[in-house]
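Only one structure is covered here, and it is reproduced in the block below.
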Amino acid sequence: MQDQLHTVIPHISKLQSFLGIHKIEQQVHQCQRYIDDLENDHRAKEFTIKMEENNEVEKIIKTLGSLGELTVVKTDMDLNTETSVRREAQVESQEKSNINNMTMNIENKIQINIRKTISDMICLMDGRLIIVEELGKVNQLTPDGKLLKRLPMLGEAISVTQINQDTIAINYSLEKAIKIFNMKNETVTKVITLGTYCCGLSLSDDSLVVGLDKDEIRIIDLEGNTLKSIQVKSESYLEYLVYCNDRVIYSDYGGKAVYCVDQSGKQIWQYKQDLSGPYGLCTDTYGNIIVADCNSHRIIVISKDGKESKVLCSAGLMYPRCICLKQNESSGFICDNHDYTGKDLTKFNLSSG
């Protein structure tokens, strides 16, 4: 168990760590009960072995010399057991999500006072929402959907991602640049110029992933240095993508498909069944991909290997374009763009049983 902990510490999320720790504690508890049983029925003993020769081997002993004494002394012993598990350690969870058992439970609809089409939306680490008006303003909302403020940033935004507790990154496609914004100080701390039309934006392992036009996904560090350039083919602008486990998953609205590629650009899988206009997407804690299929008014989940899918929601939505999950949680929001006003947020919870 200790070896397993050290192996997986750098690679997993807090939720996976919690689930794995819980599983190990169950194993430790079983072992503890076994040890307790040994103590209770006096089977736990410490042995010292001694030997005493008999008359039958006396001649042999005279020839070989003394063999010494061999006796067995049995004494009770105390068993010192330690069952605590370090809570900060991260453990790879063996739990797997079966999308056939996954359900989406709609909690409520929230009216928001935004009239323009919403192009992107994220849940911040503290539960607040950032909503981007297409080529427009960036809005900060409370966890229950009330407008807190419009961020004081000039320009026409298109997409957003969170870097840390106080910092977000926003794409400004017409400026061909990403702006790093400190929400606490309300200042732009860095501008990364890309030199071409930039669309979708995601972050993983302190690297930004940005969709450029229709044919390139670029991975850059927070200073703007290019780490990888992935060439892809898409019929639509690369507006929606996520980066996780060294893979990039992106939707192609025009091609009615969702693709998964590795960092070399090699296609790992593609999914085209029953999609009529995939836009926003996000991943759950198991790596499954949840897609807002705009034209069919549905939310669809695709397994992380791209082989299976399931409709999670097909009622009460009108042209869902954006979807986001709270970090390491199973609750989130869907944004409807009915009449292209973006006035409805649908709050939901995911369950797997």
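Leaving out ligands, DNA and RNA, and with a 1.4 Å probe, what % of the accessible surface on the range 235-322 is carbon or sulfur? After summing per-atom areas, the C and S share lands at 42 percent.
Specify whether the C-alpha gyration tensor of the range 115-192 places it in the rounded, prolate or oblate class, a ≥ b ≥ c being the square roots of the eigenvalues: rounded for a/c under 1.5, otherwise prolate if a/b is larger than b/c and oblate if not. Oblate, because a/c is 1.5 or more while a/b does not exceed b/c. Across K146, K190, the residue with the most accessible area heads the list, and the full order at a 1.4 Å probe is K146, K190.
Taken per residue, the accessible surface of the range 96-210 reaches 44 Å², heavy atoms only and a 1.4 Å probe. State whether the range 256-337 is rounded, prolate or oblate according to the following rule on the C-alpha gyration tensor (a ≥ b ≥ c being the square roots of its eigenvalues): a/c under 1.5 gives rounded; otherwise a/b larger than b/c gives prolate, and the remaining case gives oblate. Oblate, since a/c reaches 1.5 and b/c is not below a/b.
Measuring from a point 7 Å past the Cα of Q111 along Cα-to-C-beta, which residues in the range 125-140 have an amide N at less than 20 Å? Output list for this probe position: 140.
Under 15 Å from a label point set 7 Å out along the Cα-to-Cβ vector of T189, the amide N atoms of the range 140-167 belong to 161-167. Amide H contacts under 5 Å for S331: K326, L350, restricted to partners 5 or more places along the chain or on a different chain, H placed in the peptide plane at 1.01 Å from N. Structure note, pairs K116/K228; K137/K347; K149/K190: Cα-Cα distances above 30 angstrom occur for K116/K228. Whole-Hz Karplus values for the range 259-275 come out as 10, 10, 10, 8, 6, 8, x, 5, 6, 8, 7, 9, 10, 10, 5, 6, 8 Hz, taken residue by residue from phi with 6.51 cos²θ - 1.76 cosθ + 1.60 and θ = phi - 60°; glycine and proline positions read x. The heavy atoms of F348 present about 0 square angstrom of accessible area, all protein chains included, probe 1.4 Å. One decimal place: the segment M318-S352 gains 9.7 nm when fully extended, by the rule 0.36 nm per residue minus the C-alpha distance.
Per-residue packing, averaged as other Cβ atoms within 10 Å, sorts the ranges 277-287, 124-134 into the order 277-287, 124-134, beginning with the highest. Can you find, among V248, L281, S234, the residue sitting farthest towards the positive end of the charge dipole of the range 214-286, where Lys and Arg contribute +1 and Asp and Glu -1 at Cβ? About the Cα centre, the residue reaching furthest to the positive side is S234.
Extent along the principal axes, Cα only, for the range 202-322: 44, 28, 23 Å, with the longest axis given first. In this structure, S207 and R150 have a Cβ-Cβ separation that, at R0 = 25 Å, corresponds to a calculated FRET efficiency of about 0.30.
Per-residue surface analysis assigns R218 an accessible area of about 40 Å², computed on protein heavy atoms at 1.4 Å probe radius. Compared with the alpha-carbon gap, the fully stretched path from E223 to L174 is longer by 15.6 nm at 0.36 nm per residue. Excluding ligands, DNA and RNA, the accessible surface per residue across the range 279-318 is 36 Å² with a 1.4 Å probe.
The values are calculated or read from the model by the stated rules, or taken from the named source; none is laboratory data. Here the structure is a predicted model, which means the values were calculated and not measured. A quick note on method: Cβ atoms are made from the backbone with ideal geometry, for glycine too, and the neighbour counts reach across all protein chains shown. Only protein heavy atoms, including side chains, enter the accessible area calculation; ligands, DNA and RNA are left aside. Shrake-Rupley method; radii C 1.70, N 1.55, O 1.52, S 1.80 Å.
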